[in-house]
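Novice: The following block contains the structure, expressed as structure tokens.
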Amino acid sequence: MRQPLVAGNWKMNGSRVSIEVLLGGVKSGIGDVKVAEVAVCAPAIYLPQVQAQLRGTPIAWGGQDVSTHESGAYTGEIAASMLLDFGCKYVIVGHSERRAYHLESDVTVARKYAAARAAGLIPILCVGETLDEREQGVTEAVVARQLDAVIELEGVAALADGVLAYEPVWAIGTGMTATPEQAQEVHAFLRARVAGQDAAVAEGLRILYGGSMKPGNAAELMAKTDIDGGLIGGAALQAEDFLGICTAANGR
Ligand code: PGA
């Protein structure tokens with residue numbers, strides 16, 4: 001059985017004060033979360049605060065990006081070992097905003113996956129098509145290419161150390177959620193693609209859905225066979241909404 005994971009992606013939001021309040025709220029309601037593992041991915045500069053607030057709770061935390069390099073002259077970059085130094089368990093790699101605004105290629109993302117894995121972090125690998133790509137009917141080709149880049153660099157067994165997140169770009173922050181059927185179709189495709197190389201890895205792989213997931217649609221999405229949780233942007237910034245999604249997994 002795959003344990004569902006609900007991970008918040010705060011993106012570039014928050015302040016010391018707002019994070020104090022948000023995590024206070026999440027901590028006070030976490031007792032109602034029976035099934036899902038819960039994590040928050042914070043802007044790196046706030047990780048010491050997140051660690052201080054979450055240490056000793058069942059809530060894990062992580063970064064939103066990581067360098068492909070171990071250390072050295074890479075101004076502005078953050079190494080996997082640094083994230084680990086502040087107690088991170090997870091790190092998001094290949095979010096569509098990084099791919100689009102920071103021109104991260106599939107190969108760069110695969111190298112980030114490798115760097116995170118080598119350090120002992122659990123990478124959350126994001127894949128997803130744009131609206132244009134969906135309309136052209138190339139959704140499967142796009143997510144396959146993004147997934148294959150990691151398999152080519154690291155081998156299929158490397159997926160046993162990570163989490164996959166299907167995030168249709170057109171659904172991110174738009175309020176336009178993929179229907180449970182649309183999401184399930186891609187999740188099943190991704191799992192089958194991994195199964196083609198290693199059935200056991202595919203069976204154990206958690207595939208999260210991301211893109212305007214909310215308390216109101218989380219349960220029906222997570223009810224689908226191949227949807228093992230969510231990567232939550234906007235709704236992760238309010239404790240009540242985030243907890244609503246985390247508890248929606250109770251029915252699984
Ligand atoms: P959203 O973002 O929930 O605000 O759509 C999801 C994500 O980008 O991870």
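Novice: Among (1) in a helix (DSSP H, G or I); (2) out of contact with any Gly (no Cβ under 6 Å at 6 or more places or on another chain), where does S71 come up short?
Specialist: (1)
Novice: Would you point out the residue of segment 81-104, among those that are assigned to a helix (DSSP H, G or I) and of a type outside the set (D, E, K, R), that is surrounded by the fewest Cβ atoms within 10 Å (Cβ to Cβ)?
Specialist: Restricting to residues being assigned to a helix (DSSP H, G or I) and of a type outside the set (D, E, K, R), the top hit is Y101.
Novice: Please determine, by comparing only the residues of segment 163-183 that are among the hydroxyl-bearing types (S, T, Y) and under 21 Å from L237 (Cα atoms), which one is farthest from the ligand (Cβ to nearest atom).
Specialist: Y166
Novice: Of V143, V107, V138, which residue is within 16 Å of the ligand (Cβ to nearest atom) and among the hydrophobic types (A, V, I, L, M, F, W, C)?
Specialist: V143
Novice: Taking into account only those residues within segment 210-231 that are within 11 Å of the ligand (Cβ to nearest atom) and in a loop (DSSP other than H, G, I, E, B), which is surrounded by the most Cβ atoms within 10 Å (Cβ to Cβ)?
Specialist: Here the answer is M213.
Novice: Those residues that are farther than 29 Å from R55 by Cβ and in a helix (DSSP H, G or I), I need them from segment 105-120; list them, please.
Specialist: D106, V107, T108, V109, A110, R111, listed by residue number.
Novice: Run P123 past the list (1) away from the ligand (no atom under 16 Å from the Cβ); (2) outside any helix (DSSP H, G or I) and report the number of the one that doesn't hold.
Specialist: Failed condition: (1).
Novice: Determine, yes or no, whether V163 is without any contact (Cβ under 8 Å) to a residue 60 or more places away in the chain and crowded, with 18+ Cβ neighbours inside 10 Å.
Specialist: It is false that V163 is without any contact (Cβ under 8 Å) to a residue 60 or more places away in the chain and crowded, with 18+ Cβ neighbours inside 10 Å.
Novice: Right, something else. So which residues in segment 180-215 are without any contact (Cβ under 8 Å) to a residue 40 or more places away in the chain, farther than 25 Å from E152 by Cα and touching a helix residue (DSSP H, G or I) at 6+ places or on another chain (Cβ under 8 Å), if there are any at all?
Specialist: If the condition is that a residue be without any contact (Cβ under 8 Å) to a residue 40 or more places away in the chain, farther than 25 Å from E152 by Cα and touching a helix residue (DSSP H, G or I) at 6+ places or on another chain (Cβ under 8 Å), then M213, K214, P215 are the ones that fit.
Novice: Kindly check whether there is at least one residue in segment 184-200 that is basic (K, R) and within 16 Å of the ligand (Cβ to nearest atom).
Specialist: Checking segment 184-200: not a single residue is basic (K, R) and within 16 Å of the ligand (Cβ to nearest atom).
Novice: Quick one: what pairs do we get from segment 232-251, first residue farther than 9 Å from M213 by Cβ, second surrounded by fewer than 19 Cβ atoms within 10 Å (Cβ to Cβ) and β-branched (V, I, T), C-beta under 7 Å, 6+ apart or different chains?
Specialist: Short answer, once both residue conditions are applied: A249/V35; N250/V35.
Coordinate-derived values only; no laboratory data. It should be emphasised that the depicted structure is a prediction, and the values quoted were computed from it without experimental measurement. Note that we place each Cβ from the backbone using ideal geometry, even for glycine, and neighbour counts take in every protein chain shown.
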